[in-house]
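Read the structure below first, then the notes.
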Amino acid sequence: MTTAPVDPTSTGPWRTLTQLAENFRPDLRAWFASDPDRTRALTFEAVDLHIDLSKNLITPPVAQSLIGLARAVGLQQRIEAMFTGEHINVTEDRAVLHTALRLPRDAELEVDGQDVVADVHTELDKMYAFADRVRSGEWTGVTGKPVQTVINIGIGGSDLGPVMVYEALKPYGKLGLECRFISNIDPTDLAEKTFGLDPETTLFIVASKTFTTLETLTNARLAKAWLLDQLRERGVVGEGEEAARGAVAQHFVAVSTALDKVSEFGIDTDNTFGFWDWVGGRYSVDSVIGTSIAIFIGPERFAELLGGFHAMDDHFRTTPLERNVPALLGLLNVWYGNFLGARTHAVLPYSQYLHRFPAYLQQLTMESNGKSVRWDGSPVTTATGEVFWGEPGTNGQHAFYQLIHQGTELIPTDFIAFANPTHALRDGESDVHALFLANFFAQTKALAFGKTADEVREEGTPEAIVPARVFPGNRPSTSIMAPALTPAVLGQLIALYEHLTFTQGVVWGIDSFDQWGVELGKQLAKQVAPAVDGDRDALAEQDQSTRSLIEYYLAHRA
Ligand code: F6P
């Protein structure tokens, strides 16, 4: 039985933070000038990550109160409850054990009578063996050709994680092997991703935790039809059920917790990799949901990715709150969101390989913490879940940074950068990676320290446009650096965000592991579908706006 949530607003630290926020006049210039030790005191090492919090809007009393708040809401007990498999996902009565997916083989964890570590490694081994067979060419398509393209069909956590990791770890992939990802039920997605593909060298992975998701099952059926049509057109597969079954067995595998449904769909359960209901979709990239990744980068690299996750798990579980980076970052987000009025949070990787990382984080953070009730069903007592967004630098600099620098919104930012480039190119005498990083350093500096009116005037700016050229500064940023974007570092980064999301959820007293808010739209899509198909009675049942929109569609479709 899980404990009742503490109302954070009833705690002493919350009251202190409220008072601190009332009289808060951030002045990063003065804080840095008066404290030469500020950066050292606010820089932390977590495994391979180097995290500088000193350009954040915090003072020692704020930091102490945030840590006090974490203690008052029982963060450490909740961390332990999660790691040991208590059913902290109360609305689904489930343990939350994504951290078990990356436990080493010799670890021990038994939850609800299940030897979790043994089960995890059995499935990993099965996935690794399959990945090796595909990579070596031993696994072939129905005409005996090795696989060249792996298409993952999934959505949400069954897509965003694999696609983000695929993009991030491209340099680690096997030459001659490519992954594509089909997620949207918009038929364009499947049409574009299968365009020009050789069916004989294509392997589909249908990835769905529940194996009930409309988009994924529809796309899987379309993909099956595409495969059979193409193979039959080439005359390499005959007509009839038996021939179809043979082709599907060679070209389709599945990843799911619902093995019975996979088999109903027509995929051989021998070619199915399983996981468990204690893995949330948005926390599942490190399970067999990552099969496409394991094929692409190989088992050894996949194991390094898991090792990175695990190292950050250990840091989160065992490091005192004062130096616990995911906890500190989560608490900082609470400070900005609940006390200083920030409603969004930008993630700005200075790495083109991380271009899907913000999108991945959107599901992780917003599906987890976009809640209005607490884990005991009572209303939340304060604002929750901020909007996460972002794009890689330097592209974002030429698009939306204007608003971060000079707009009226407070937008905390995370900058992520790596000391070593994957591609060390030179432009004449200049090292392009150094130039790239100069932009990252410059942006955090500009955000923090701004430019005063006097400084603008000193540059000879005409008085009339001085105000427009002033940068107020005191715009917070966290800088996260690592030696290089390796599989292990990527695992650490993902786990870092998983745990800061959890920290925020604990402060707010919410269940960060359910997602009931996505259900109504799914139900209504089923209810609306007949009307869209032209059923007049179903159309009459719709509200006037929806009816009118469907009528427009019916009148204009070709
Ligand atoms: O609709 C939301 C959701 O349930 C996500 O939480 C999940 O990642 C996604 O759909 C896909 O679900 P599944 O893996 O079961 O197909």
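The values are calculated or read from the model by the stated rules, or taken from the named source; none is laboratory data. None of these values were measured; they are calculated from a predicted model. Don't worry about glycine lacking a Cβ; one is built from the backbone with ideal geometry, like all the others, and counts go over all protein chains shown.
Among the residues of this structure, Lys445 does not count as one that is modelled with pLDDT of 95 or more, in the same structural domain as Thr408 (by the TED database) and surrounded by 15 or more Cβ atoms within 10 Å (Cβ to Cβ).
How many residues does the range 113-149 hold that are farther than 19 Å from Val288 by Cβ, under 28 Å from the mean Cα position of the chain (by Cα) and modelled with pLDDT under 95?
0
For the range 109-164, what are the residues that are assigned to a loop (DSSP other than H, G, I, E, B) and among the basic types (Lys, Arg)? If the condition is that a residue be assigned to a loop (DSSP other than H, G, I, E, B) and among the basic types (Lys, Arg), then Lys145 is the only one that fits. From the list Ile416, Ile411, the lone residue that is among the β-branched types (Val, Ile, Thr) and over 19 Å from the mean Cα position of the chain (by Cα) is Ile411. Might you check whether a residue that is part of a helix (DSSP H, G or I), surrounded by 19 or more Cβ atoms within 10 Å (Cβ to Cβ) and either out of contact with any helix residue (DSSP H, G or I) (no Cβ under 7 Å at 6 or more places or on another chain) or among the aliphatic types (A, V, I, L, M) (or both) occurs anywhere in the range 90-105? So far as the range 90-105 goes, yes, one or more of its residues are part of a helix (DSSP H, G or I), surrounded by 19 or more Cβ atoms within 10 Å (Cβ to Cβ) and either out of contact with any helix residue (DSSP H, G or I) (no Cβ under 7 Å at 6 or more places or on another chain) or among the aliphatic types (A, V, I, L, M) (or both). For the range 76-88, the criterion of being of a type in the set (Val, Ile, Thr), out of contact with any His (no Cβ under 6 Å at 6 or more places or on another chain) and crowded, with 18+ Cβ neighbours inside 10 Å is met by at least one residue. Within the range 3-59, can you find the residues that are in a loop (DSSP other than H, G, I, E, B), among the polar types (S, T, N, Q) and over 24 Å from Tyr497 (Cα atoms)? Scanning the range 3-59 gives Thr3, Thr11, Asn23. Listed by position, the helices (runs of 4 or more DSSP H) contained in the range 257-345 that have at least 3 residues being away from the ligand (no atom under 16 Å from the Cβ) and within 30 Å of Leu69 (Cβ to Cβ) are 299-318, 325-334. Restricting the search to helices (runs of 4 or more DSSP H) fully inside the range 451-558 and requiring at least 3 residues that are outside the structural domain of Gln402 (by the TED database) and touching a residue at least 12 places away in the same chain (Cβ under 8 Å) gives 487-508, 519-532, 544-556.
Go through the range 64-115 residue by residue and tally those that are free of Cβ contacts under 8 Å to residues at least 40 places away in the same chain and among the aliphatic types (A, V, I, L, M). Number of matching residues: 2.
Scan the range 346-375 for residues that are aromatic (Phe, Trp, Tyr), closer than 26 Å to Leu437 by Cα and not in a helix (DSSP H, G or I) and the total you get is 1.
Going by the structure shown, is Lys193 in a helix (DSSP H, G or I), of a type in the set (D, E, K, R) and away from the ligand (no atom under 16 Å from the Cβ)? Considered against the rule, which asks whether it is in a helix (DSSP H, G or I), of a type in the set (D, E, K, R) and away from the ligand (no atom under 16 Å from the Cβ), Lys193 comes out as yes. Of all residues in the range 131-163, those being more than 16 Å from the ligand (Cβ to nearest atom) and buried (at least 21 other Cβ atoms within 10 Å of the Cβ) number 5. Inside the range 384-430, residues that are surrounded by fewer than 18 Cβ atoms within 10 Å (Cβ to Cβ), out of contact with any helix residue (DSSP H, G or I) (no Cβ under 6 Å at 6 or more places or on another chain) and not in a helix (DSSP H, G or I) make up a count of 15.
Counting only residues that are away from the ligand (no atom under 16 Å from the Cβ) and assigned to a strand (DSSP E or B), the range 196-234 holds 2 of them.
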